[in-house]
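Notes follow once the structure below has been shown.
The values are calculated or read from the model by the stated rules, or taken from the named source; none is laboratory data. Keep in mind the model is a prediction, meaning the values are calculated, not measured. Cβ atoms come from the backbone with ideal geometry, glycine included; neighbour counts cover every protein chain shown.
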Number of protein chains: 2
Amino acid sequence: MKIGFLGFGEVASTLAEGLLSNGADVFTCVEGRSLKTKEIAEETALNLCKSNQELAESCDFLISAVTPSQAVKISKEVGKYVKGIYIDINNISPSTAEEALSHIENGKTADASIIGSVRKNGLNAHILVSGPCAKQFLELNQYGMNITVVGNEIGHASAIKLLRSSFTKGISALLFETLYSAYKMGIDEETLEYIAETEGGGFRESAVSRIISSAVHSRRRAEEMEEVIGLISKNSDAKMSKATGEFFKQIYGEINGIGKRPEDYKEIFEIMDNKNRKK
Amino acid sequence: MKIGFLGFGEVASTLAEGLLSNGADVFTCVEGRSLKTKEIAEETALNLCKSNQELAESCDFLISAVTPSQAVKISKEVGKYVKGIYIDINNISPSTAEEALSHIENGKTADASIIGSVRKNGLNAHILVSGPCAKQFLELNQYGMNITVVGNEIGHASAIKLLRSSFTKGISALLFETLYSAYKMGIDEETLEYIAETEGGGFRESAVSRIISSAVHSRRRAEEMEEVIGLISKNSDAKMSKATGEFFKQIYGEINGIGKRPEDYKEIFEIMDNKNRKK
């Protein structure tokens, strides 16, 4: 079975390496890519194609793992050459997935989303898949992948990932707002402790890490919320998602230039206080 | 040690009964109260005072457990007669607690908040206490109460309870919005399942119960959020709290008249869909 990758960044190279070590026949094309990408590809005993066209014509499964902004462009480029099944595994919204897959002329497509981290879990990272050829993609589980079918409509796998990440971003925003108020009153430790009484074990650690990561990644979170708001607005007025997006925009404005990852959430609150005093 | 209760509703009668059975000397006044309250008070071997003045003058600890709207009124009424320590255990905001306790002329006061449920846990319900006489209130733990000191400022105990309840209300609103979108796309079960992958065991059950209870109690939640917004607005612009409040107002508008407690969250979403179609 021939498995090809469009793009050869962290996701593609990690999955390719795992598939190779389990005996799969793996292909990619590195023409026009960076020297580093070429070196990685050559080191890992991959089959290298001369062009994306040749790659698309050779593979039983062609997995698109490019950067989100390139997902549509690459599917347009190879759409008429794809012989096997084309799977878009990029971190994109359901409507972008639909657009990308619409260019695959043979119609053999699936929309996939990685739940969790490829960096941490390697080939075993959980992948959800939906769309007309979702079931066929399960064949790759024989090489050690961890794929689950979640629906036969394109966009379902992406939507589940997006809704899940919207929920966790909302929790981070809620925690940040709640705990900042508590901190200003001098009762943040107690508030964390008594929320943990209902929310269960590990709450304090995860709360602190959510606040720090909200501050450090506020810009990206604000951008990602735009896609969530687009999705949720189809069925409701997305009050909570809009507030979450606005929250991260504001935090980015207030802590922008934080410089390093703080060790404690209180450092972030101190930075906010100092900035506000300077205003 | 003489312990008195102002008010004799569920909280007071449950605590009084527990304290009595552990050998405390418990007082209340039932003048002008309903027949049912009088019967309960008489059945439980309480010491009955003729007036709130007599009660205030007799007790070492006087606990105010009235309805939230009566908290200030009752402290004004007894303020000049209180001989011992006055504890406000009502479900009120930090600023209302401050106002109520300002009427106690001897200044021996504490602000207490019940975390969790007296109905479920009886005398063992966890109670937080703050303010000048918080430490003295701990003496009641010898009769089986479960009191923890959280600060010496009036309002801290109430603030912790309010922030905690605001956080959990926010999670309910986030869940409702996320899951309603998922339901409309036909992927609600999958979305619940994959959020549970990160959020841990018991997530599905608690999520479903939060959605149902959000719908059933939407009006009260919207009202309670007003107090939270007042508190959080002192230190930030309370984006998430305001969205949570607006969310519950809207849900109340959409599902008002739900009639009975539904068995499944999908019944609520169906009701919303039917109402929206009729509009």
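Output the qualifying pairs, or none if there are none: Cβ atoms under 6 angstrom, residues six or more apart or on different chains, first residue in the stretch B:245-274 and surrounded by 15 or more Cβ atoms within 10 Å (Cβ to Cβ), second residue not in a helix (DSSP H, G or I).
If the second residue must be not in a helix (DSSP H, G or I), the pairs left are B:Ile268/B:Pro262.
For the stretch B:42-72, give me each residue that is within 12 Å of B:Leu19 (Cβ to Cβ), crowded, with 17+ Cβ neighbours inside 10 Å and β-branched (Val, Ile, Thr).
B:Ile63
How many residues does the stretch B:26-46 hold that are within 13 Å of B:Leu62 (Cβ to Cβ) and not aromatic (Phe, Trp, Tyr)?
Going through the stretch B:26-46 one residue at a time, the tally reaches 3.
I need the full set of residues from the stretch B:225-265 which are of a type in the set (Gly, Ala, Ser), facing chain A (nearest Cβ under 10 Å) and assigned to a loop (DSSP other than H, G, I, E, B), in order please.
B:Ser233, B:Ser236, B:Ala238
Could you look through the stretch A:119-147, keep only residues that are at pLDDT 95 or above and facing chain B (nearest Cβ under 9 Å), and pick out the one that is surrounded by the fewest Cβ atoms within 10 Å (Cβ to Cβ)?
The extreme case among them is A:Leu128.
Kindly check whether there is at least one residue in the stretch B:216-224 that is free of Cβ contacts under 8 Å to residues at least 12 places away in the same chain and either within 9 Å of chain A (Cβ to nearest Cβ) or assigned to a helix (DSSP H, G or I) (or both).
For the stretch B:216-224, residues free of Cβ contacts under 8 Å to residues at least 12 places away in the same chain and either within 9 Å of chain A (Cβ to nearest Cβ) or assigned to a helix (DSSP H, G or I) (or both): present.
Can you name the residue in the stretch A:151-167 that is assigned to a helix (DSSP H, G or I) and either more than 7 Å from chain B (Cβ to nearest Cβ) or among the aromatic types (Phe, Trp, Tyr) (or both) and, of all such residues, is surrounded by the fewest Cβ atoms within 10 Å (Cβ to Cβ)?
A:Ser165
Residues that are under 21 Å from the mean Cα position of the chain (by Cα) and not hydroxyl-bearing (Ser, Thr, Tyr): list the strands (runs of 3 or more DSSP E) wholly contained in the stretch A:40-144 that include at least 2 such residues.
Those strands (runs of 3 or more DSSP E) span A:61-64, A:85-88, A:109-115, A:126-130.
Which of the residues that make up the stretch A:215-234 are over 12 Å from A:Lys169 (Cα atoms) and either among the hydrophobic types (A, V, I, L, M, F, W, C) or more than 23 Å from the chain's Cα centre (by Cα) (or both)?
Result: A:Val216, A:Ile229, A:Leu231, A:Ile232.
Tell me, please, whether a residue that is more than 19 Å from A:Lys80 (Cβ to Cβ) and modelled with pLDDT of 90 or more can be found in the stretch A:28-38.
For the stretch A:28-38, residues more than 19 Å from A:Lys80 (Cβ to Cβ) and modelled with pLDDT of 90 or more: present.
Within the stretch B:28-36, does at least one residue satisfy the condition of being assigned by TED's automatic domain parsing to the domain that holds B:Ala71, free of Cβ contacts under 8 Å to residues at least 12 places away in the same chain and not in a helix (DSSP H, G or I)?
yes
Just to be sure before I move on: is B:Thr37 β-branched (Val, Ile, Thr) and surrounded by 14 or more Cβ atoms within 10 Å (Cβ to Cβ) in the structure I sent? Show your work before the answer.
Working: β-branched (Val, Ile, Thr): yes; surrounded by 14 or more Cβ atoms within 10 Å (Cβ to Cβ): yes.
Judged against the criteria, B:Thr37 is a match.
Can you tell me which residue is farthest from the other protein chains (Cβ to nearest Cβ) among those in the stretch B:182-201 that are within 21 Å of B:Glu270 (Cβ to Cβ) and assigned to a loop (DSSP other than H, G, I, E, B)?
B:Gly186
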